[in-house]
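Beneath this line is the structure, given in structure tokens, with notes to follow.
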Amino acid sequence: QVQLVESGGGLVQAGGSLRLSCAASGRTFTSYTMGWFRQAPGKEREFVATINRSGDSTRYADSVKGRFTISRDNAKNTVYLQMNSLKPEDTALYYCAAGLRLLVVTTALGYDYWGQGTQVTVSS
């Protein structure tokens, strides 16, 4: 129903910033809750941030609260993750996800569609 393509990953020094983008196809983008997850080698995929359909409600993992900001532009079918004050522990493959669930939004169970991921590497 929807295809997701992430971009914006790369290599950055600790303390730096990156902005990830996730472009969604289709005219039903506003129907979806959007989320960002990440997975480091040897670790399970973990929740990072989520935003509701209208963009007026967000939630964050404790590990990124105050440093990351999720936003969406429904006119552009795009969701963003602004990452500031990056730490080496933020190094991971970051995935964009879309789901129709309204309540289960902080785990992968709440999402139906996933992008291919974009690599973020933070050097010390």
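The values are calculated or read from the model by the stated rules, or taken from the named source; none is laboratory data. Bear in mind that the values here come from a model prediction, so they are computed numbers and not experimental data. So basically every Cβ, Gly included, is an ideal-geometry build from the backbone, and we count neighbours across all protein chains shown. SASA here: full protein model, heavy atoms, side chains in, ligands and nucleic acids out. Shrake-Rupley method; radii C 1.70, N 1.55, O 1.52, S 1.80 Å.
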Probe 1.4 Å, protein heavy atoms only - accessible area per residue of region 1-99 in square angstrom: 49
Table column - 3J(HN,Hα) (Hz), region 92-105, Karplus curve with 6.51, -1.76, 1.60, x for Gly and Pro: 4, 8, 9, 10, 8, 9, 10, x, 9, 6, 9, 9, 8, 10
Cβ-defined net charge surrounding GLN119, 12 Å radius [Lys, Arg +1; Asp, Glu -1]: -1
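For THR58 and SER123, what does the FRET efficiency come to when R0 = 22 Å and r is the distance between their Cβ atoms, rounded to the nearest 0.05? Walk me through the numbers before you get to the answer.
Details: r = 28 Å, r/R0 = 1.28.
Plugging the Cβ-Cβ distance into 1/(1 + (r/R0)^6) gives 0.20.
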Length added when fully stretched, ARG27-ALA40, from 0.36 nm per residue minus Cα-Cα: 1.4 nm
Accessible surface of the chain [probe 1.4 Å, protein heavy atoms]: carbon and sulfur percent: 47
Percentage, to the nearest whole number, of Cα pairs in the chain over 21 Å apart: 30
Isotropic mean projected area of the C-alpha convex hull, region 1-62 (nm²): 5.7
Label-point separation in nm, ASP112 to ARG19, each point 7 Å along Cα→Cβ: 3.0
